[in-house]
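The values are calculated or read from the model by the stated rules, or taken from the named source; none is laboratory data. These figures come from a predicted structure and were not determined experimentally. Quick reminder, even Gly has a Cβ in these numbers, built from the backbone with ideal geometry, and neighbours come from all protein chains shown.
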Amino acid sequence: MLSTLAETDNNKGQLDEVPFWAASDMVRACPEMVERRAGDWLTMWDVCPVGELQLIGQDLRGVVPLRFALGGMIYERVVRAFGPRASQPDLFDDRRRA
């Protein structure tokens, strides 16, 4: 979990409690991806705008735990990167990056 955040360029400034928990949840939810495709996993985290997602999630403060809000937004990106449509993404999707 620590390497997921610490070894990716896009997330160095976001190291606080919420992304730690969200990254931990993603590692627990996707252990096969972390083990078998570690390089791809870290690449996905490199392009994932964790700080921006965390800022968006602030609107949910007091409604749902921020850990779960951020985790859900990151998981959507995990599915895009590793899920069944990863090799043939939707061409009309405006978020094809990650």
Quick one: residue 4 ticks every box in (1) modelled with pLDDT under 90; (2) surrounded by fewer than 14 Cβ atoms within 10 Å (Cβ to Cβ) bar one, so which box is it?
-> (2)
Out of (1) among the small types (Gly, Ala, Ser); (2) over 11 Å from the mean Cα position of the chain (by Cα); (3) modelled with pLDDT of 95 or more, the odd one out for residue 72 is which?
-> (2)
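So that you can scan it fast, the table gives a plain yes or no per residue for (1) assigned to a helix (DSSP H, G or I); (2) under 14 Å from residue 17 (Cα atoms); (3) in contact with a Ser or Thr (Cβ under 7 Å, 6 or more places away or on another chain):
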| position | (1), (2), (3) |
| --- | --- |
| 28 | yes, no, no |
| 32 | yes, no, no |
| 43 | yes, no, no |
| 64 | no, no, no |
| 71 | yes, yes, no |
| 79 | yes, no, no |
Taking the stated definitions as given, is residue 92 at pLDDT 95 or above and of a type in the set (Phe, Trp, Tyr)?
-> no
